[in-house]
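The values are calculated or read from the model by the stated rules, or taken from the named source; none is laboratory data. Since we're looking at a predicted model, the values are computed, not measured. With ideal geometry, Cβ positions are generated from the backbone for all residues, glycine too; neighbour counts draw on all protein chains shown.
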Amino acid sequence: MRQWIISAGSTSLSDLKLVETETPQPGPGEVLVRVRACSLNYRDQIIPLGFYMGGVVQSDTVPLSDGAGEIAAVGTGVTSLAIGDRVAGIFFQDWMDGPPNPGMGVALGAPPAPGMLQDYVVLPERGVVRLAETLDVVEAACLPCAGVTAWNALMEGPRPLRAGDTVLVLGTGGVSLIALQIAKAAGATVIATSSSDEKLERVRAMGADHVINYRTTPEWGAEAARIAGGGVDKVVEVGGAGTLKQSIAAVGFAGEIALIGVLTREGDTNPHGLMFKGASIRGIFVGSKAMAQRLNAFIDAHGIKPVVDRAFALENALDAYAYQSSAGLFGKVAITL
């Protein structure tokens, strides 16, 4: 079978290589997944560069947390899945439900966990989730990281999103666009930002109620608060340190900033602006298997289709990496096997 490998000691995307290897077989309590599609996340860009948690990978590693396909074989003792069932891997292999905890287990696509960018992968029976029935395998491959992250940001935690709330999404990457779709389906008003007027028109066509070009409106946080009549209820904060100050300006009284991103590393992260509004920041690091299941049920109920910008063949995975980091990105980049 074919698999992409991040070579031990990798500090460049050029250190990724496509190799042939033996097809693994599932052991007791495991399943063999025939991977049909994968998708890329920002995390996948920085692991080969040695910038992810843990630094430079110390052993050859198959990349990507997000992949979907069907069960090709089952090990002894597997009772909940059968050959042919459509499944995706879950990001944290041991986080089944409840809040974040020290026992969440390994995250796919980074050492010491397996990755999905290969024809077949062996995972624990508990480490996969059935696909949403209304999605094809490429669309479903966009959900394990970005989709569950967006769901957790909006629909989990101490105050899930309610109809009539206002949500601010930053940019037009995978998390932000899925968050836009979830928020609209839940009955929220959505404000979206981008530096591209063309992309803003596209998110408006997807249902965004208000758009802000952050290049022409540098104080976009205050503008979002004005549009929302005093402040937004939820901010899906994918930018990191460079955008947090504006997100704090945008959030309203008793609102919540779902802190997700590290796209920018420098900026004003002083949290005092939250104090006067009784607002909060909640850290989001993907989510549990139960969250993935609730997301899939919501997708089926509301007819949501993740936005797949482009799909590349397995052999052209490096082109997929290049496109995913380009300014033209709108939504998710997929790789088909």
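Give the stretch 9-31 a look and list any residue that's in a loop (DSSP other than H, G, I, E, B) and under 9 Å from Pro48 (Cα atoms), or say none. Selection gives Gly9, Ser10, Thr11, Ser12. Residues in the stretch 33-56 that are surrounded by 22 or more Cβ atoms within 10 Å (Cβ to Cβ) and touching a strand residue (DSSP E or B) at 6+ places or on another chain (Cβ under 8 Å): 9 in all. Determine if the stretch 86-97 includes at least one residue that is touching a helix residue (DSSP H, G or I) at 6+ places or on another chain (Cβ under 9 Å), farther than 20 Å from Ala292 by Cα, part of a strand (DSSP E or B) and touching a residue at least 12 places away in the same chain (Cβ under 8 Å). No. In the stretch 62-75 there is at least one residue matching the filter, namely being part of a loop (DSSP other than H, G, I, E, B), of a type outside the set (A, V, I, L, M, F, W, C) and either buried (at least 23 other Cβ atoms within 10 Å of the Cβ) or not assigned by TED's automatic domain parsing to the domain that holds Ser10 (or both). Considering only residues in the stretch 93-116 that are under 16 Å from the mean Cα position of the chain (by Cα) and within 16 Å of Leu40 (Cα to Cα), the one that is surrounded by the fewest Cβ atoms within 10 Å (Cβ to Cβ) turns out to be Ala107.
Evaluate the stretch 117-124: report whether one residue or more is within 28 Å of Thr11 (Cβ to Cβ), touching a residue at least 60 places away in the same chain (Cβ under 8 Å), part of a loop (DSSP other than H, G, I, E, B) and more than 18 Å from the chain's Cα centre (by Cα). Taking every residue of the stretch 117-124 in turn, at least one turns out to be within 28 Å of Thr11 (Cβ to Cβ), touching a residue at least 60 places away in the same chain (Cβ under 8 Å), part of a loop (DSSP other than H, G, I, E, B) and more than 18 Å from the chain's Cα centre (by Cα). Selection of strands (runs of 3 or more DSSP E) fully inside the stretch 189-301 by the criterion of at least 3 residues being surrounded by 22 or more Cβ atoms within 10 Å (Cβ to Cβ) returns 189-194, 232-237, 251-259. Filtering the stretch 161-188 to residues that are in a loop (DSSP other than H, G, I, E, B), under 16 Å from Leu259 (Cα atoms) and not aliphatic (A, V, I, L, M) leaves only Gly171. Across the stretch 161-188, the qualifying residues are those that are more than 18 Å from the chain's Cα centre (by Cα) and among the small types (Gly, Ala, Ser), and the one among them that is surrounded by the fewest Cβ atoms within 10 Å (Cβ to Cβ) is Ala163.
Total residues in the stretch 1-51 satisfying the condition of being free of Cβ contacts under 8 Å to residues at least 40 places away in the same chain and of a type in the set (A, V, I, L, M, F, W, C): the figure is 4.
Residues being surrounded by 20 or more Cβ atoms within 10 Å (Cβ to Cβ), assigned by TED's automatic domain parsing to the domain that holds Ala140, under 29 Å from Lys17 (Cβ atoms) and not charged (D, E, K, R) are represented in the stretch 307-316 by at least one member. Filtering the stretch 136-160 to residues that are in a loop (DSSP other than H, G, I, E, B) and surrounded by fewer than 24 Cβ atoms within 10 Å (Cβ to Cβ) leaves Asp136, Glu156, Gly157, Pro158, Arg159, Pro160. Inside the stretch 125-135, residues that are assigned to a loop (DSSP other than H, G, I, E, B) and either touching a strand residue (DSSP E or B) at 6+ places or on another chain (Cβ under 6 Å) or within 30 Å of Ile5 (Cα to Cα) (or both) make up a count of 3.
Evaluate the following for Ser12: is it of a type in the set (Ser, Thr, Tyr) and either modelled with pLDDT of 95 or more or loosely packed, with under 14 Cβ neighbours inside 10 Å (or both)? The answer is yes for Ser12.
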